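The block underneath contains the structure these notes are about, expressed in structure tokens.
The values are calculated or read from the model by the stated rules, or taken from the named source; none is laboratory data. All figures in this text were calculated on a predicted structure; none of them were measured in a lab. Every residue, glycine as well, gets a Cβ built from its backbone with ideal geometry; the counts of neighbours run over all protein chains shown. Quick note on the areas: whole protein, heavy atoms, side chains included, nothing else; ligands and nucleic acids left out. Shrake-Rupley method; radii C 1.70, N 1.55, O 1.52, S 1.80 Å.
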Amino acid sequence: MKLLMIEDNHSVSQMMSMFFKKEQWDAQFAYDGNEAVEMFSAAPNDWDMVTLDLNLPGMDGMQVSTEIRKISPTVPIIMLTARDSESDQVLGLEMGADDYVTKPFSPITLIARIKALHRRAELGPVSKPTEDDTANDTEAFDVVTENFKLNTKTREAYLNDRQIEDLTPKEFDLLKTLAQKPRQVFSREQLLQLVWDYEYYGDERTVDAHIKKLRQKIEKVGPQIIQTVWGVGYKFDDSGANKQ
């Protein structure tokens, strides 16, 4: 794995460097926001993972996340944030981060989060399918409902034969989890366990932030298929998403 750690605290970077070497990961470090964007944009396809501190000189973490997402909608991003910055955590997720770890953090915890996110992200596209192989051939898809198709191998999803574009790894996994069981209601706690692979200790805002971004991308191609069940959670229902 090639990892970019964006962190202005040199002590933290040096500490994590030892853990990354133990995992045999190729880790590079950026110490301010402007440097980070330059490093990422120089070879955007080379990076498998980004860890991003919010409090950076030059350009803050929120701006860096926005710039990275402009370059790569899918590279996994783990945000590092202060324990009491609840609004920053939610905003960071809404700005494109896939996960967050609160400071101070255990290096072992961060390594575990990176591995969990990478396991899902590495299931990315293995080949570029043709239009006939995707939008029209239902056998190419793992999930097929009345108006929706999803291919796990290519990490692509279609609503009424229009691709839902720029899904992050977590957004894709969230959509897949819901779509596999149409109209079944999932609580936020269930989604945290199923999609994130570990307990979030009741922090349900993570799900809400990802649902919000996922809905925005769905609405670019068609009617909303992620429904809120008030007081319970969310469900997938494409029964009203017929073509106009």
Worksheet item: If one takes the longest principal axis of the Cα atoms in the chain, at what angle in degrees, from 0 to 90 and to the nearest 10, does the Cα axis of helix 107-121 lie?
Response: 30
Item to complete: Leaving ligands, DNA and RNA out of it, work out the accessible area of TRP25 with a 1.4 Å probe and give it in Å² to the nearest 10.
Response: 40
Worksheet item: With every protein chain left in place, what is the accessible area per residue of the chain in square angstrom, probe 1.4 Å?
Response: 48
Practice prompt. Pull up the DSSP beta bridges for the chain and report the antiparallel fraction as a percent, rounded to 5.
Written response: 45
Discussion item. Taking the square root of 5 times each eigenvalue of the Cα gyration tensor, what semi-axes in Å does the equivalent ellipsoid of segment 1-102 have, largest first?
Written reply: 19, 16, 13
Worksheet entry | Reach of LYS103 by Cα under 20 Å, taken over lysines that are not fewer than 8 positions away in the same chain | LYS115
Worksheet item: Taking Cα atoms, how many degrees apart are the long axis of helix 61-71 and the longest axis of the chain, rounded to 10 and kept between 0 and 90?
Response: 50
Worksheet, complete the sentence: Residues meeting the amide H criterion for ILE6 (H placed from the backbone, H to H distance under 5 Å, 5 or more places apart or on another chain) are ALA30, THR51, LEU52, ASP53
Item to complete: Could you tell me, in Å, what Rg and Dmax come out for the Cα atoms of the chain?
Response: 18.3, 57
Worksheet item: Around ILE164, which amide H atoms from residues at least 5 apart in sequence, or from another chain, sit under 5 Å from its own amide H, with H modelled in the peptide plane?
Response: ALA157, TYR158, LEU159
Worksheet item: So what's the angle, to the nearest 10 degrees on a 0 to 90 scale, between helix 10-22 and the longest Cα principal axis of the chain?
Response: 60
Discussion item. With +1 on the Cβ of every Lys and Arg and -1 on the Cβ of every Asp and Glu, and nothing else charged, how large is the dipole of the chain about its Cα centre, in debye rounded to the nearest 20?
Written reply: 480
Worksheet, complete the sentence: Karplus ³J(HN,Hα) for segment 158-173 (6.51 cos²θ - 1.76 cosθ + 1.60, θ = phi - 60°; Hz, whole; x = Gly/Pro) runs 10, 10, 6, 6, 10, 6, 7, 8, 6, 6, 6, x, 5, 5, 5, 5
Response to the item:
Under the Karplus relation with 6.51, -1.76 and 1.60 and θ = phi - 60°, whole-Hz ³J(HN,Hα) for segment 26-33, x at Gly and Pro, equal 8, 9, 10, 10, 10, 10, 8, x
Worksheet item: In terms of modelled amide H atoms, which long-range or inter-chain residues lie less than 5 Å from the amide H of VAL229?
Response: TYR234, LYS235
Item to complete: Leaving ligands, DNA and RNA out of it, rank THR152, THR74, THR206 by accessible area with a 1.4 Å probe, largest first.
Response: THR74, THR152, THR206
Discussion item. Quick check for me: using +1 on Lys/Arg Cβ and -1 on Asp/Glu Cβ, what's the dipole size of segment 163-223 about its Cα centre, in debye to the nearest 20?
Written reply: 300
Worksheet entry | Whole-percent carbon and sulfur share, accessible surface of the chain, 1.4 Å | 46
Worksheet item: Under the Karplus relation 6.51 cos²θ - 1.76 cosθ + 1.60, θ = phi - 60°, what is the ordered set of whole-Hz ³J(HN,Hα) values for segment 39-45, x standing for Gly and Pro?
Response: 5, 5, 5, 5, 8, x, 7
Response to the item:
From most to least accessible, 1.4 Å probe, no ligand or DNA/RNA atoms counted, HIS10, HIS210 line up as HIS10, HIS210
